[in-house]
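Below is one structure; the comments refer to it alone.
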Amino acid sequence: MKNSQKLMNKIHIRQYFSLEEVKRTFWLLRPYIWKYKKAYFGLFFLMFVDIAITLAFAWFLGNITDAAVQSNFERLKYLLIIGVVLSAISIISNFIDTYLETVAINAVKKDVSIDLYHHVLRLPGKNLANIHSGELFSHFTNELHHIDGVAGRGLINLVRLPIISVAAFIYLVQISWKLSLFSLMIAPIAIIGGAVFGLLMRNNSRVINELISNINKSLNETFHGLTVIRSFTMEKLFYKKYINNNNKLYALELKDAKLRGSFYAGGEAVGSITFLVSLIVGAFFVSDNIITIGALLSFINLINHMVYPMTGLAGQWAGYQRSIAALERVTNLLDQPTEDKQLSTYARPKQLTNGIDIKNLSFSYDDNHNVFERFNLHIPAGKVTAFVGPSGAGKSTLFNLLQSFYKPQSGDILFDKSTIGNIGVSALRNMIAYVPQETFLFSGTVRENLMLVRPNIQHYEMVEAAKNANIHDYIASLPEGYNTVIGERGLKLSGGQRQRMAIARAILKDAPILLLDEATSALDSETEHLVKEALDRLMVGKTTLVIAHRLSTIQHADQIVVMDKGRVVQMGNHVDLISQDGLYRELNKSDRSIQNEASPVSMLG
């Protein structure tokens, strides 16, 4: 365990002094920084103005003191004008510097956030399946805010602090090289102390970022799974978990505060020691007429500008790398390949005339266990094809592949003899309308949810689609009709109402291919009847693929595909399959036993 800890410490130390992460992050932010190069050039110019003003004020303080001691009133008048000019320049410079820094940081942060969102929208389903939604949320709410330390003042200070320290030392040598050497003896303590505390703060911040990400994941799961939590009486369990995580975060933040406090106290101690040493030795130099009182005041005023960058540089480097540690997670996400260069958008889809052909398809989620292996199937155009089989047979996976949410390891899927790759993701998905078993509606109004499918839709088209989906009468009864807010995920609607909203969306999309994941299995008989009527209207003239959880709903399908363990074990219509010994007959018996229905209503009949 100790050896492992030592190894980790070595790794952290190497990372702390390594420039690889800096290069990687800079390469990510380079185009954004360059886009706002005028603001950054202005900031770097003002950095040199600030250094010049710092040296000029030290010169001003020494000269005005000597002029006052010598009662040189003419020189005092001249120096007072210079002091006013320097003060005016400093005030104006600080204002412009603050404004340019705000412009640069917030502009870069805005652009990175937009590009990250654009990137996430285009990530393949396989990649998204491996990322927790809470972690994605953390990228936008936590990590992106650390850009300040990489693209803002932190970046400027990494250049500014060494320059001002060197410039101050050169000026101090001009005043008294002997006194400068005394002060320089403190420098190694400042540099080493700053580096040690910087490393400790960086490692602690890395742990804090990970813990914040975990808390965001837990919150996300709590809010989305609140019904399940209440149903299984897990409130106390989740509450304790949340308390523990926040106590850990509080302890880490206290540790961070102690480290920062120690760091700043140490820097102040080094500065105070340097100040006292310079003052005491300088007093002897003044008494021996080696330097003037004004020169000593200039020296005392400027000595801190030589020392604090030595401690401050280590702190800035630590802060810079804290930002890198956070943005490292964003960079890893941006490095993942996307499924398409452009975002998908609605366009009038092409009609399907020849059907869908699946040829020698092999697919695995984990590259170890194949869901499909050399799978072949023809789905005729304009017909209803139902897929039945036990759980794990590959029915839902097939729907995912047809929509190109995942890519097969080998083989191909052809729509009218054109492969998915040649069709393009956007064109392919415009050909498909999907009605899932569990409908997702967006927060907002009924109208906004329906207009998402086709932004330029006319109101009469929306009403017609709602009528065909058996949902218009309910919408009309709402206080604000189509402008009624339905709540997050459509929670103000019942399950059947959400399903009929999904059917209305599918009608408005007017796609030639329908994918129906049995949408009636969890509904009461009256609601089920309304949904089935709506589905019957939706399916007219479409190439329809149905995943059937209840065989009673697909008895009038043109083609029934019986699947088991990723293979087609039977295929035909209901009459043919029920007369054969095989899996379909067994599933039918089991279905009738479970449902206990002598004559179920068919959504296809």
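The values are calculated or read from the model by the stated rules, or taken from the named source; none is laboratory data. Note that the structure is a prediction, hence the values are computed from the model and not measured. Don't worry about glycine lacking a Cβ; one is built from the backbone with ideal geometry, like all the others, and counts go over all protein chains shown.
Kindly provide the set of residues from the range 338-372 that are of a type in the set (Lys, Arg), at pLDDT 85 or above and assigned to a loop (DSSP other than H, G, I, E, B), ordered by number.
none
Between a first residue in the range 322-349 that is closer than 30 Å to Ala433 by Cα and a second residue that is modelled with pLDDT under 75, which pairs have beta carbons less than 6 Å apart while being 6 or more apart in sequence or on different chains?
From the range 322-349, the pairs are Gln336/Asn127; Glu339/Pro124.
If His132 passes every condition in (1) modelled with pLDDT of 75 or more; (2) surrounded by 14 or more Cβ atoms within 10 Å (Cβ to Cβ) but one, which one does it miss?
That leaves (1) as the condition not met.
Which is surrounded by 18 or more Cβ atoms within 10 Å (Cβ to Cβ) and at pLDDT 75 or above, of Leu144, Leu158, Leu219?
Matching residue, one of Leu144, Leu158, Leu219: Leu144.
May I ask you to verify whether Phe399 is closer than 30 Å to Arg489 by Cβ, touching a Leu at 6+ places or on another chain (Cβ under 8 Å) and modelled with pLDDT of 85 or more? Write out each step before concluding.
Working: closer than 30 Å to Arg489 by Cβ: yes; touching a Leu at 6+ places or on another chain (Cβ under 8 Å): yes; modelled with pLDDT of 85 or more: yes.
Spelling it out, Phe399 is indeed closer than 30 Å to Arg489 by Cβ, touching a Leu at 6+ places or on another chain (Cβ under 8 Å) and modelled with pLDDT of 85 or more.
Restricting attention to the range 373-407, which residues are on the phi > 0 side of the Ramachandran plot, in a loop (DSSP other than H, G, I, E, B) and surrounded by fewer than 18 Cβ atoms within 10 Å (Cβ to Cβ)?
Across the range 373-407, the qualifying residues are Gly382, Gly392.
Would you call Glu235 modelled with pLDDT under 75 and not aliphatic (A, V, I, L, M)?
no
Would you please name the residue that is farthest from Asn430 (Cα to Cα), looking only at residues in the range 351-372 that are touching a residue at least 60 places away in the same chain (Cβ under 8 Å), surrounded by 15 or more Cβ atoms within 10 Å (Cβ to Cβ) and within 35 Å of the chain's Cα centre (by Cα)?
Asn370
Val485 versus (1) at pLDDT below 85; (2) in contact with a helix residue (DSSP H, G or I) (Cβ under 9 Å, 6 or more places away or on another chain): which is the lone unmet condition?
Checking Val485 against (1) at pLDDT below 85; (2) in contact with a helix residue (DSSP H, G or I) (Cβ under 9 Å, 6 or more places away or on another chain), the one that fails is (1).
Within the range 66-80, is there a residue that is surrounded by fewer than 18 Cβ atoms within 10 Å (Cβ to Cβ), touching an Asp or Glu at 6+ places or on another chain (Cβ under 9 Å), under 19 Å from Leu297 (Cα atoms) and not hydrophobic (A, V, I, L, M, F, W, C)?
For the range 66-80, residues surrounded by fewer than 18 Cβ atoms within 10 Å (Cβ to Cβ), touching an Asp or Glu at 6+ places or on another chain (Cβ under 9 Å), under 19 Å from Leu297 (Cα atoms) and not hydrophobic (A, V, I, L, M, F, W, C): present.
Can you name the condition, by its number, that Thr54 falls short on among (1) surrounded by 14 or more Cβ atoms within 10 Å (Cβ to Cβ); (2) more than 30 Å from Thr292 (Cβ to Cβ); (3) of a type in the set (Ser, Thr, Tyr)?
With (1) surrounded by 14 or more Cβ atoms within 10 Å (Cβ to Cβ); (2) more than 30 Å from Thr292 (Cβ to Cβ); (3) of a type in the set (Ser, Thr, Tyr) applied to Thr54, the lone miss is (2).
Find the helices (runs of 4 or more DSSP H) located wholly in the range 410-467 whose residues include 2 or more that are of a type outside the set (A, V, I, L, M) and either in contact (Cβ under 8 Å) with a residue 60 or more places away in the chain or buried (at least 19 other Cβ atoms within 10 Å of the Cβ) (or both), and list them.
Filter on the range 410-467 gives 425-430.
Any residue at all in the range 327-335 that is assigned to a strand (DSSP E or B) and surrounded by fewer than 18 Cβ atoms within 10 Å (Cβ to Cβ)?
No, the range 327-335 has no match at all.
Can you pull out the residues in the range 515-529 that are more than 31 Å from the chain's Cα centre (by Cα) and either modelled with pLDDT under 80 or surrounded by fewer than 22 Cβ atoms within 10 Å (Cβ to Cβ) (or both)?
Glu518, Ala519, Thr520, Ser521, Ala522, Leu523, Asp524, Ser525, Glu526, Thr527, Glu528, His529
Look at Gly496 and say whether it is crowded, with 20+ Cβ neighbours inside 10 Å and either at pLDDT below 85 or more than 17 Å from Thr439 (Cα to Cα) (or both).
yes
Take the conditions within 21 Å of Met539 (Cβ to Cβ) and of a type in the set (Gly, Ala, Ser) and apply them to Ala433. Does it pass?
So Ala433 fits the description; yes.
Could you give every pair whose Cβ atoms fall below 8 Å, whose first residue belongs to the range 62-85 and is of a type in the set (D, E, K, R), and whose second residue is part of a helix (DSSP H, G or I) and modelled with pLDDT under 85, counting only separations of at least 6 or pairs across chains?
Pairs that qualify, where the first residue is of a type in the set (D, E, K, R) and the partner is part of a helix (DSSP H, G or I) and modelled with pLDDT under 85, are Asp66/Ile293; Asp66/Gly294; Asp66/Ala295; Arg75/Ala67.
Would it be correct to say that Val228 is at pLDDT below 80 and loosely packed, with under 14 Cβ neighbours inside 10 Å?
In short, yes.
Which residue is modelled with the lowest pLDDT, if the candidates are limited to the range 576-605 and must be in contact with a helix residue (DSSP H, G or I) (Cβ under 7 Å, 6 or more places away or on another chain) and outside any loop (DSSP other than H, G, I, E, B)?
So, considering only residues that are in contact with a helix residue (DSSP H, G or I) (Cβ under 7 Å, 6 or more places away or on another chain) and outside any loop (DSSP other than H, G, I, E, B), the one modelled with the lowest pLDDT is Gln595.
Could you please let me know if Val270 is assigned to a helix (DSSP H, G or I), crowded, with 21+ Cβ neighbours inside 10 Å and in contact (Cβ under 8 Å) with a residue 12 or more places away in the chain?
yes
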